[in-house]
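Below is one structure, written out as C-alpha cells; the observations come after it.
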Amino acid sequence: MDRNFASPTFPKAIKPAKSRRRELTEEENDELREAFELFDNDKDNELDYHEFKVALRALGFDVHKAEAQKLMRDYDRQGKNKITFQDFHEVASEMMFQRDSRDEILKAFKLFDDDEAGKISLKKLRRVARELGDNINENELKAMIDEFDLDGDGEINFDEFLAMLNSD
C-alpha cells in the first residue's frame, strides 16, 4: 500500500532531531565536559573503557558492555584503548540527539493517546483531526489506521507509530 498520508493530523514522517538540531546548548556542552573530567580518574585527558562507560551512565545512557566496547574501538584513534574528550563529545552528543528525537516522538504520540492507553484508536485519530481542523473523511482515517496497524488490533501502538514516522 502507498504510505502517502500527509496531513496535519497524521504526518507522513518526522525527521530525527539531529537533522533539525546539530549543536548542543552551552549547558549540554558543560554537562559533557563535567562528566568527562569527573570520570577521568587518572587525569590524563582520556577515558579508558570503564571511565567511558561510567561517564555515559552518569549522563543517563544505559550502555551495554558490547556497545561500549564497540564505541571504544570505533573512536580509539591512537590505539591506546582510550577515548579523548573530542571523541567522547561526539559519541555523547549523538546519543543526546537520538534521545531527544525519541522524546519528541513520544510527546507527539501522547497528543493522540490522551487517555494513556498506549494505543491510537480511530476515535482518538478522529478527535485530533477535528481539533486540527483537518477535513479527513472516516474512510481515510480508517485507511490510516489499517495501513500502520502492524499487529492487526485496529489501533496503533507506539512501536507502530514510530515505524510509521520512519517509513518512506
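The values are calculated or read from the model by the stated rules, or taken from the named source; none is laboratory data. Just so it is clear, the structure is predicted and the values come from calculations on it, not from any experiment. Here Cβ is always computed from backbone atoms with ideal geometry, including for glycine, and neighbour counts include all displayed protein chains. The area values use the complete protein model at the heavy-atom level, side chains included, leaving out ligands, DNA and RNA. Shrake-Rupley method; radii C 1.70, N 1.55, O 1.52, S 1.80 Å.
What to note about this one:
- Count of the range 54-84 residues, restricted to those that are open to solvent by 40 Å² or more (accessible area, probe 1.4 Å), within 24 Å of the chain's Cα centre (by Cα) and touching a residue at least 12 places away in the same chain (Cβ under 8 Å), is 6.
- Residue list for the range 127-138, restricted to those being in contact (Cβ under 8 Å) with a residue 40 or more places away in the chain and in a helix (DSSP H, G or I): V128, A129
- Residue within the range 94-106 that is hydroxyl-bearing (S, T, Y) and either over 18 Å from the mean Cα position of the chain (by Cα) or open to solvent by 70 Å² or more (accessible area, probe 1.4 Å) (or both) present: no
- Any chance K124 is crowded, with 19+ Cβ neighbours inside 10 Å, touching an Asp or Glu at 6+ places or on another chain (Cβ under 9 Å) and not in a loop (DSSP other than H, G, I, E, B): yes
- The residues of the range 139-168 that are open to solvent by 70 Å² or more (accessible area, probe 1.4 Å), farther than 15 Å from A108 by Cα and not in a loop (DSSP other than H, G, I, E, B), listed by number, are N139, E140, K142, D146.
- Verdict on K70 being in the same structural domain as L38 (by the TED database), at pLDDT 90 or above and assigned to a loop (DSSP other than H, G, I, E, B): no
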